[in-house]
1. In which sequence would THR288, THR240 go, from the one with the fewest C-beta neighbours within 10 Å to the one with the most?
2. Compare the Cα positions of THR288, TYR357, THR264 along the charge dipole of the range 166-371 (+1 at Cβ of Lys, Arg; -1 at Cβ of Asp, Glu; about the Cα centre) and return the one farthest towards the positive end.
3. Taking the Cα centroid of the range 245-297 and of the range 307-381, what is the distance between the two, rounded to the nearest whole Å?
4. Need one word for the range 227-381: rounded, prolate or oblate. Basis is the Cα gyration tensor (sqrt eigenvalues a ≥ b ≥ c); a/c below 1.5 gives rounded, then a/b vs b/c decides.
5. Using +1 on the beta carbon of Lys and Arg, -1 on that of Asp and Glu, and nothing else charged, what's the dipole of the range 166-371 about the Cα centre, debye to 20?
6. Counting pairs of Cα atoms in the range 216-318, how many percent are more than 19 Å apart?
7. How do PHE180, PHE380 line up, fewest other C-beta atoms within 10 Å first?
8. Which of LYS199, LYS344 has the fewest other C-beta atoms within 10 Å, and how do the rest follow up to the most?
Amino acid sequence: MAGSRLRVFPLSKRGLPERALLGVLFVTILSTPVAWDLCAKEKNKEKRRAKAALEQQAEAGAVKANEPVKLPGAEPDKAVDSTKAKDGDQAQSKDKPAEKSADKSADKPAEKSAEKPAQKPAEKAAEKPAEKTTVARKVDDQSRPAAGATQSKPAIAPALELARASRDAMRKIPGYTCVFSKQEQLKKGTPTRHTMSLKLRREPFSVYLKYLDHAAGREVIYVEGRNNGKLQVHEASGLTSLLGTINLLPTSSEALKENKYPVTMIGMEKMLEPFIADWEESQKHADTKVVHYPQAKLGNLECTMYEVTHPQKREQFKFHVSRVYFEKKTLMPVRAEQYAFPAKGGAEPQLVEEYTYGDVKLDAVLTEADFDVQNGNYGFK
C-alpha cells in the first residue's frame, strides 16, 4: 500500500474543459427547481400587481363616471371636450359614423350637467304632438273673433236664417195686392215719398201701380217679356196726361226721375235680396252688431224685427244700419229701412230708404186683365 496513490481526479491537464463543463451542468441541474420556484413566485406577484392595477383603474373610472362633469371653476365646453377626446381615442379604429355615435353617447352626461338636459329622440318625438296642439289653439284663438260675439254661431245667423225663410215663403205665393209706400233719398234735400196701390204677380213677373198721393192717378204697368221690355205709364193730370200712354225702359232716366230703383226691383221677395247679401257678408266681420226686437209692431201688426249695424264703413257695405220687420204669422217682410253712414262722427244716421207693404192680401186672384192697359177700370188711353 505504501507508495500507492488515490486518484479521484486525474491531475493531468488533459480533459480539464470537459470536467469543468460537467461541473457547471451538475450545479445547474441541482439549482433548476429553485429557479423554477422563484420564477413562479415572481409571475404570481406580477399577476397580482396587474390585477390590483386593473381594480384601481376600474374604481377610478367608476368615480369619474359618478362625479359631475362641471367642477367649480371649470368651463362646460372644456368638460365636454375632454370627454370627447377620451372617446375619440377609444374609437380611432372605427369608421366615421361609429365615431359620431360614440361622441354623442359620451356627450350625454356632460350636456346634462353642463348646459341643458339633452333631449333624447323619444323626448323629441313626444314633443311634436304638443307643438301641433299649440298651433291648433292659436288658430282657434284667431278664428273666434271672426265668428262674432261669444256664441258658437255669428250673431247675424238668426236674422239671416229668418230672412232666407221669409224669402222662401214668398216664392211660394203666386201673387198679392197691398198698399205700397216708400221713402227714398234721391239727392240732397227733402226725400221723396209715394204711396201706391200695388198688384204683383210672380210669373210672369207683372206689376200694376196706381199712385194715391203725390201724382195721384198715375198708373204704371210692367209685364216681363212684353212690350219690348218697356213699362207703360200715363199721367192723370197735367200736360203730360195729354200724351196718353208712354212707353219707357225701366232703367231710363225718365223712369228713374222719382225712383231710386227700377220697377223690376219691386216686391217683398226682391226687397229682401240685398239684405240677405249684406247679412251674408256681415258674417265675415266680428264688429257687426245685431239687435233683435221680438215684440215689434207695425201699426196693429205684430212683428219681429232685426237691426243690423256696421260700425265701420267698408266698400261692401252701402248702409250703416239696416232694419227688417217680419210679420209673425206669415213671415212676410212688411217693412225695410236703410240708414246711411253719418257724415261726421257722433251724428245720427239718416234714413235714406224705407219700404212698407201694408194691407197685404195673399189670397187675391190676379188675371191677365189686371196687367193690361185695355182694362176698362184703368185710365190708360
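1. So the ranking, lowest neighbour count to highest, is THR240, THR288.
2. Value computed over the given set: THR288.
3. With the range 245-297 and the range 307-381 each reduced to a Cα centre, they are spaced 6 Å.
4. prolate
5. Approximately 180 debye in magnitude.
6. Pairs farther apart than 19 Å: 63 percent.
7. In increasing order of surrounding Cβ atoms, one gets PHE380, PHE180.
8. Lowest to highest Cβ neighbour count: LYS344, LYS199.
The numbers here are math on the coordinates, done by the rules we state, and not lab data. Because the structure is a prediction, the values reported are computed rather than measured. FYI the Cβ positions are ideal-geometry reconstructions off the backbone, even for glycines, and counts take in every protein chain you see.
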